[in-house]
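In what follows, a single structure is set out as structure tokens and then discussed.
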Amino acid sequence: MNTINTGFDVVQNIISGKWKSIILYQLGYEQKRTKDLLKICEGVSHKVLNEQLKQMQQDGLVHRAVHADEVPIRVEYSISDYGRTFLPLLKEMCDAGDNHLKREGITAGNNTICEHSKSL
């Protein structure tokens with residue numbers, strides 16, 4: 001069991017993992033289906049994505065809506081009010097990363113992930 005000493009520990013535990021912060025950031029702007037998240041999180045497996053989404057649901061960061069009346073069944077994910085509180089932090093992370101890339105003269109490979117931060 002990890003000992004939690006600071007707020008940093010809490011945040012790291014909540015949004016740890018390669019994909020959680022990207023998923024949460026993207027859901028902050030519109031609800032998405034699993035297939036949409038698979039496209040955004042280029043390289044993630046379906047299994048890992050589902051595990052991350054399940055953990056985020058358990059932590060209260062995202063909502064999962066199942067539309068069982070449709071064929072095929074449609075599942076959509078959206079950010080919760082609690083998850084929305086992390087958006088300013090995630091925006092700052094995108095901006096800091098972009099600034100670092102500029103400083104180093106590096107062009108981002110998939111900078112569409114942070115494109116929303118420009119509109120805030």
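The values are calculated or read from the model by the stated rules, or taken from the named source; none is laboratory data. Bear in mind the structure is a predicted one, so any value in this text is a computation, not a measurement. Ideal geometry is used to build each Cβ from the backbone, glycine not excepted, and the neighbour counts take in all protein chains shown. Remember, those area values only see protein heavy atoms, side chains included, never the ligands or the DNA or RNA. Shrake-Rupley method; radii C 1.70, N 1.55, O 1.52, S 1.80 Å.
Cysteine residues of the chain whose C-beta has no other cysteine C-beta under 4.7 angstrom: CYS41. Reachable lysines from LYS102, Cα under 25 Å, same-chain residues fewer than 8 places away excluded? Of all the lysines, those that pass the test against LYS102 - Cα under 25 Å, at least 8 places apart if same chain - are LYS18, LYS20, LYS91, LYS118. Using R0 = 30 Å, the C-beta based FRET efficiency linking GLN31 and PHE8 works out to 0.55. For the chain, the solvent-accessible area of protein heavy atoms averages 65 Å² per residue (probe radius 1.4 Å; ligands and nucleic acids excluded).
Defining a contact as two alpha carbons under 8 Å apart and six or more residues distant in sequence, what relative contact order in percent does the range 9-82 show?
Working: 74 pairs, mean separation 25.6, N = 74.
So the answer I get is 35 percent.
Only alpha carbons enter this Debye calculation for the chain, each as an equal point scatterer, and the log10 of I(q)/I(0) it gives at q = 0.12, 0.14, 0.15, 0.20 Å⁻¹ is -0.48, -0.65, -0.73, -1.19.
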